[in-house]
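Inspection log for the structure reproduced underneath, given as structure tokens.
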Amino acid sequence: MFLENTVNHKEQFGWIEVICGSMFSGKTEELIRRLRRAQIARQKVEIFKPSIDVRHSEDMVVSHDANEIRSTPVPAAANIRILADGCDVVGIDEAQFFDDEIVTVCNDLANKGIRVVVAGLDMDFKGNPFGPMPALMATAEYVTKVHAVCTRTGNLANYSFRKTNDDKLVLLGETEEYEPLSRAAFYKAMLRQKVSKMDVKEPEELPKKDESNSTG
């Protein structure tokens with residue numbers, strides 16, 4: 001839970017909200033919802049995303065349900081600090097793709113009185129903490145973890161399983177490359193994938209016994 005109105009209105013500090021979860025969990029949809037509300041309230045809002053994310057659009061943040069909001073693509077976190085000057089609310093999508101400076105940038109903006117709303121994957125395709133997300137979650141006032149539905153069990157999914165054999169950490173993709181899985185389904189899928197990559201050699205044949213020297 002997070003509160004959009006603070007009790008002490010004399011305090012000039014802002015805060016950080018982190019929306020995290022697996023792929024297809026509605027992170028960007030929730031980000032857009034919060035930013036739209038701020039725009040309706042006539043607050044000055046700026047949205048940023050990493051310039052490498054061009055899956056749907058170069059200058060729009062687009063959710064899987066086709067909601068979209070105009071954004072500014074930036075190559076590095078440091079650009080956000082400059083471009084966000086004078087804003088009331090700053091939104092950042094796909095934060096896991098930014099460099100570690102994104103943590104300092106978000107905290108600097110919050111310290112200036114700006115509300116910072118960040119969305120990103122909390123784990124990579126191997127189930128490990130992803131990039132700067134753990135530090136962002138640790139320093140944020142509010143953390144919302146959203147879930148997808150496991151494509152194999154129907155349970156809550158919090159893992160993003162990569163269906164391809166590409167081992168690059170950053171691989172942009174959609175349903176053809178990824179599927180959301182529960183803990184149990186992810187463990188089984190990773191185990192199955194590991195077994196399939198094992199190099200199993202055929203056992204060497206034993207030398208045949210020379211029967212010509214046998215007696216009797």
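The values are calculated or read from the model by the stated rules, or taken from the named source; none is laboratory data. None of these values were measured; they are calculated from a predicted model. Virtual Cβ from ideal backbone geometry, glycine too; neighbours counted across all protein chains shown.
For region 116-132, how many residues meet the condition of being surrounded by fewer than 23 Cβ atoms within 10 Å (Cβ to Cβ) and not in a loop (DSSP other than H, G, I, E, B)? Counting residues in region 116-132 that are surrounded by fewer than 23 Cβ atoms within 10 Å (Cβ to Cβ) and not in a loop (DSSP other than H, G, I, E, B) gives 3.
Among the residues of region 147-171, those that are surrounded by fewer than 16 Cβ atoms within 10 Å (Cβ to Cβ) and under 13 Å from the mean Cα position of the chain (by Cα) comprise L169, V170, L171. Evaluation of E179 against the conditions (1) in contact with a Lys or Arg (Cβ under 9 Å, 6 or more places away or on another chain); (2) part of a loop (DSSP other than H, G, I, E, B); (3) surrounded by 16 or more Cβ atoms within 10 Å (Cβ to Cβ) shows that the sole unmet condition is (2).
Taking residues in region 106-135 that are without any contact (Cβ under 8 Å) to a residue 60 or more places away in the chain, and partners anywhere that are buried (at least 21 other Cβ atoms within 10 Å of the Cβ) and hydroxyl-bearing (S, T, Y), the pairs with Cβ atoms closer than 7 Å and at least 6 places apart or on different chains are F125/S160. Right, M137: in contact with a strand residue (DSSP E or B) (Cβ under 8 Å, 6 or more places away or on another chain), at pLDDT 95 or above and surrounded by 17 or more Cβ atoms within 10 Å (Cβ to Cβ) or not? So M137 fits the description; yes. The set of residues in region 92-129 being farther than 20 Å from Q43 by Cα, out of contact with any strand residue (DSSP E or B) (no Cβ under 9 Å at 6 or more places or on another chain) and of a type in the set (S, T, N, Q) consists of T104, N128. Regarding V90, is this residue without any contact (Cβ under 8 Å) to a residue 60 or more places away in the chain, hydrophobic (A, V, I, L, M, F, W, C) and in contact with a Leu (Cβ under 6 Å, 6 or more places away or on another chain)? So V90 passes the test.
Only one of the numbered conditions (1) more than 23 Å from L156 (Cα to Cα); (2) under 20 Å from the mean Cα position of the chain (by Cα); (3) at pLDDT below 95; (4) surrounded by fewer than 21 Cβ atoms within 10 Å (Cβ to Cβ) is violated by D85, and that is (2). Evaluation of N8 against the conditions (1) at pLDDT 90 or above; (2) surrounded by fewer than 19 Cβ atoms within 10 Å (Cβ to Cβ); (3) out of contact with any Lys or Arg (no Cβ under 9 Å at 6 or more places or on another chain); (4) not hydrophobic (A, V, I, L, M, F, W, C) shows that the sole unmet condition is (1).
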